[in-house]
Amino acid sequence: MEERILNQLDRIERNSLLASKNVLCLDDVALLTGLSKSWLYKATCSHSIPFYRPNGKQIYFDRTEVENWMKQNRVATKQEIEQEATTYVVTGKFPKKGGAR
């Protein structure tokens, strides 16, 4: 019981520290995203995720950039798709979003 409580306190402490950081190390990003460290290493090698290497070895990530990267390729809800279809049927055009369709 005591060990379980200590583990929970340790997890709370790690999450609290993570919440206050803007520059993240690989372990932090793995914890934040739920992705494995090996997958993250592959993503940095293929330049699929934004990262920084100030001294040529250790890699760092900007929290905002990681969060934006995670929000890429949003999938529309069924309701949004139906609304687009209705707009198309009525006007003959798809509704405009941030760019050209």
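Some notes on this structure:
- Axis of helix 2-19 versus longest Cα principal axis of the chain: the two differ by about 60°, to the nearest ten degrees.
- In degrees, nearest ten, helix 78-91 long axis to first principal axis of the chain (Cα): 20
- In terms of distances greater than 29 angstrom between alpha carbons, the cross-link table entries Lys71/Lys96; Lys42/Lys96; Lys21/Lys78 yield Lys42/Lys96; Lys21/Lys78.
- Shape class for the stretch 1-84: oblate, because the ratio a/c of the largest to smallest gyration tensor axis (alpha-carbon atoms, square roots of eigenvalues) is 1.5 or more and b/c is at least a/b.
- 222 nm mean residue ellipticity, helices alone, for the chain (DSSP H n ≥ 4; -39,500 (n - 2.57); rounded to 500): -17500 deg cm²/dmol
Read-outs: derived from the displayed coordinates by stated rules, not from any lab. Fair warning: this is a prediction, and the values are worked out from it, not measured in the lab.
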